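These notes are about the structure you will find just below.
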Amino acid sequence: MQSIKRYWKTYILGFALLLTIFIMAETGFQVRAFAQERYADLQNFSKVLNLIQQYYVEPVDTKKLVYGAIKGMLRELDPHTNFMSPDIFKDFETETSGEFGGLGIEISIQNGVLTIISPIEDAPAWEAGIKAGDKVIAVDGHSTKGVSLVEASQLMRGKRGSKVILRVVREGEEKPRDITVTRGSVKIKSVKYTDLGDGFAYVKITSFIENTAKDLQKAIEKHMKENNGNTAGLLIDLRRNPGGLLDQAVKVSDMFLKEGTIVSTIGRNKNDKEVAVATRRGQYTNFPVVILVNEYTASASEIVSGALQDNKRALIVGQRTFGKGSVQSVIKLGDGSGLKLTVARYYTPSGVSIQAEGIHPDIEIDDVDPEAFSKAVVKSQTTREGDIAGHLKGDREKAAEKLDTKQGTEEGALAWWKDVGSKKEEKLSPREALFKRDYQAYQAFSYLKAWGTLKALTR
């Protein structure tokens, strides 16, 4: 009996050993096959490079050929995966520090066309009249057809004080226009604050750079100090914000959340999921927040919008955002060059991918010309109970009195805005100056002021 047991034990162990050897052999064969296939491809590349070096009609720079091969390889991937030569990579490293030389624009390739996502406010391109959505078809006479983002960036770079001519096609215009931009120092002020009165604050975040979260905190603290420690509500303007640093987007979101997921990233391995969560140290969780977005709100600004929307912390108004939901890692290579490689996708707390989808606002607000809008409004000639002098006021009318309304033939936001529009610039308060030129922002502000009223009506 013991000999039979020993026999079966030996047999099972032997079978397991043979199975292991077979699996290892099979795995080894697959690895070898993969290595041989890759080696064959690299061998072809090496042969072509060698033939060019030996027989091309003119001497060639080997490094230039290798760099060109890498760029060609990356063109098979997405537009945000780029190779940067040492000089371009050095410039790239300075762009998130808050000051750099250039035009001050965020660009992308859309349907094969170089497109302006956003000019940075107060930067050279902004001052020259470049607008979001402009399609750049030539730079100093050089066609941009087929160029990568890095190559387009290189075409636009130059010495400070030098000029560059961008030929752009603008929506609604039949002919392209040439816009001359003087290259200069781009100093990014990522947070711009305006006191809206009555405890309300407006902050425009132009991009997410190294100090954005700290600068936003300073602006809110300043506002609270000037309003006896209180904030009635905050309007955050993320329109034309091209994004920036992920960690700053997470920190900004964390400022307004007590708990919950902020954003998650998932790479090639679906099980390799990274999640950023609120730290339970949210400093500003006791006042309403409205975020204004548009089709040029991208990347990090979409992360903030999605995080506060999904966590029911903010009302998102405006237009559907750009949809740049991919994650890039930047790798510095041995010779000082760099690789920006797409490694993952962003997902909102509810698990929705931002990529090519964007953030859908809770309330859509179209961007319209204020003057044209006021002229286009059709006035009602019907007399209602509310038009009769001395009428008994309803609950909604009482609540509306808390908003910016004026009595007369016109009512509500339109009457307030038209009154402001009739004033001279020098007599306008900061709030009036902001809303006179930006009716979309005023509409968003109206929702912020109505927050408490709307909440009370839905109880």
Inset, instruction - Evaluate the following for R313: is it modelled with pLDDT of 95 or more and open to solvent by 20 Å² or more (accessible area, probe 1.4 Å)? - result: yes
Legend entry - Unique match (being modelled with pLDDT under 90 and over 24 Å from N211 (Cα atoms)) among A138, A152, A128: A152
Legend entry - Condition met for G133 (out of contact with any Phe, Trp or Tyr (no Cβ under 8 Å at 6 or more places or on another chain), among the small types (G, A, S) and at positive phi): no
Legend entry - Meets criteria (of a type outside the set (G, A, S), farther than 26 Å from K204 by Cα and out of contact with any Leu (no Cβ under 8 Å at 6 or more places or on another chain)) for E76: yes
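For residues that are hydrophobic (A, V, I, L, M, F, W, C) and in a loop (DSSP other than H, G, I, E, B), scanning just the stretch 299-344, find the one that is nearest to A450 (Cα to Cα).
Our first condition is that a residue be hydrophobic (A, V, I, L, M, F, W, C); within the stretch 299-344, this holds for 300, 303-304, 307-308, 314-317, 322, 327, 330-331, 333, 339, 341, 343-344.
Next, from what is left, pick out any that are in a loop (DSSP other than H, G, I, E, B): 314, 322, 333.
Working: A314: 13, F322: 28, L333: 53 Å.
Ranking the qualifying residues of the stretch 299-344, first place goes to A314.
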Legend entry - Restricting the stretch 71-94 to residues that are loosely packed, with under 14 Cβ neighbours inside 10 Å and aliphatic (A, V, I, L, M), the residue that is farthest from V186 (Cα to Cα): M73
Legend entry - Count of residues meeting criterion [crowded, with 17+ Cβ neighbours inside 10 Å and on the phi > 0 side of the Ramachandran plot] in the stretch 316-352: 2
Inset, instruction - Taking only the stretch 128-169 into account, find how many residues are in contact with a helix residue (DSSP H, G or I) (Cβ under 8 Å, 6 or more places away or on another chain), among the aliphatic types (A, V, I, L, M) and farther than 15 Å from E106 by Cβ. - result: 3
Legend entry - All positions within the stretch 137-165 that are over 23 Å from F89 (Cα atoms) and either in a helix (DSSP H, G or I) or open to solvent by less than 20 Å² (accessible area, probe 1.4 Å) (or both): A138
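Looking at F200, F256 in this structure, which one is farther than 28 Å from S350 by Cα and in contact (Cβ under 8 Å) with a residue 40 or more places away in the chain? Give the steps one after another, and end with the answer.
Numbers: F256 fails: farther than 28 Å from S350 by Cα.
F200 is the lone residue from the list that is farther than 28 Å from S350 by Cα and in contact (Cβ under 8 Å) with a residue 40 or more places away in the chain.
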Legend entry - K258 over 19 Å from the mean Cα position of the chain (by Cα), of a type in the set (D, E, K, R) and closer than 30 Å to D366 by Cβ: no
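Have a look at V181, V168 and point out the one that is among the hydrophobic types (A, V, I, L, M, F, W, C), at pLDDT 95 or above, under 23 Å from the mean Cα position of the chain (by Cα) and surrounded by 12 or more Cβ atoms within 10 Å (Cβ to Cβ).
Details: V181 fails: under 23 Å from the mean Cα position of the chain (by Cα).
The match here is V168.
From the list V293, V289, V304, V277, which residue is over 21 Å from K218 (Cβ atoms), touching a helix residue (DSSP H, G or I) at 6+ places or on another chain (Cβ under 8 Å) and surrounded by 14 or more Cβ atoms within 10 Å (Cβ to Cβ)? So that I can check it myself, show each step before the final result.
Numbers: V289 fails: over 21 Å from K218 (Cβ atoms); V304 fails: over 21 Å from K218 (Cβ atoms); V277 fails: touching a helix residue (DSSP H, G or I) at 6+ places or on another chain (Cβ under 8 Å).
When all the criteria are applied, what remains is V293.
The values are calculated or read from the model by the stated rules, or taken from the named source; none is laboratory data. Just so it is clear, the structure is predicted and the values come from calculations on it, not from any experiment. Because the Cβ atoms are built from the backbone with ideal geometry, glycine has one as well, and the counts that use them run over all protein chains shown. These accessible areas exclude ligands, DNA and RNA; they are computed on the full protein's heavy atoms, side chains included. Shrake-Rupley method; radii C 1.70, N 1.55, O 1.52, S 1.80 Å.
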